[in-house]
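Comments concern the structure below.
The values are calculated or read from the model by the stated rules, or taken from the named source; none is laboratory data. This structure is a prediction, so every number in the text was calculated from the model and none was measured. Cβ sites come from the backbone with ideal geometry, for glycine too, and all protein chains shown count toward neighbours. With ligands, DNA and RNA removed, areas are computed over all heavy atoms of the protein, side chains included. Shrake-Rupley method; radii C 1.70, N 1.55, O 1.52, S 1.80 Å.
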Amino acid sequence: MARVITDAEFSQQFKDFKHTAWKLEVRDRYNVGKETQDIQWFLRTGDLGREANFAQTSAWHRNVTSGRAEGKTWQRVRVVSEPLSNYIRWEHAVTRFNIEAGEDIRWLPRHHPGAAELPNFDFWLFDSEWGCLLHFDDDDAPSKSESIDDPATIARYCRWRDIAWRHAIPHAEYDPESSKRFNK
């Protein structure tokens, strides 16, 4: 069953899961208003626009760190076009904070054959039991989230997770400038 969830319910998922939060990201741009100035600053200056201790001060990163201390796993695969979009260039640079907090983030170039086996939408998968389908408007802004618990849909999400994870490149090894080693 799928149902639209509130922002509060969306946030609560990241506290309620028991062992694994996994995300597939397939967009080359996310229009999140609070990031706009940081991205523009980064593109002009190369500066991330964040304090060195950002992973200890942001609510997201504190929750990840706390979850990791409880033994929870946080993972993501980002399917990206190359060359990287401006948004993804910035996101690649700020991923260091996610890694510092305890997330395992990997990158999958869109031209890799494994990427063709994945859906063209973003989702979270929690404990291999329920998911959250993310919707965006025509301007790439988040518009709504749906909680998904249908067993057949969750089985597909798990299969996509396994495919993406098998082919994705760990963040420390992913160099967007030299990753075109896969055939297009």
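Listed values, structure above:
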item: FRET efficiency, 1/(1 + (r/R0)^6) with R0 45 Å, evaluated for Glu129 and Gln40 via beta carbons; result: 0.70
item: Solvent exposure of the chain as accessible area per residue, Å², 1.4 Å probe; result: 52
item: In range of the label at Asp149: residues from region 1-30 whose backbone nitrogen is under 11 Å from the point 7 Å along Cα→Cβ; result: 1-3
item: Relative contact order (%) - criterion: Cα under 8 Å, at least six apart; region: region 1-111; result: 33
item: Span per principal axis, largest first, for the Cα atoms of region 1-101 (Å); result: 41, 33, 23
item: Residue order for Phe17, Phe121, Phe136 - accessible surface, 1.4 angstrom probe, largest first; result: Phe121, Phe136, Phe17
item: Dipole of region 1-134 [Lys/Arg +1, Asp/Glu -1 at C-beta], most positive-end residue of Asn63, Trp41, Val79; result: Trp41
item: Estimated dipole of the chain in Debye, rounded to 20 [Cβ of Lys and Arg +1, of Asp and Glu -1, Cα centre]; result: 440
item: The chain - percent of accessible surface contributed by carbon and sulfur, probe 1.4 Å; result: 49
item: Spin-label pair Arg159/His19, simplified geometry with 7 Å Cα→Cβ offset, distance in nm; result: 2.2
item: Long-range amide H partners of Leu108 with built H, under 5 Å; result: Arg78, Val79, Val80, Ile169
item: Cα→Cβ-extended label distance, 7 Å offset, between Glu100 and Gln12, nm; result: 3.2
item: Label zone at Asp139 (point 7 Å along Cα-to-Cβ), backbone N below 20 Å, region 27-50; result: 27-41
item: Potential lengthening between Trp60 and Leu48 on full extension [0.36 nm per residue; Cα-Cα distance subtracted]; result: 2.6 nm
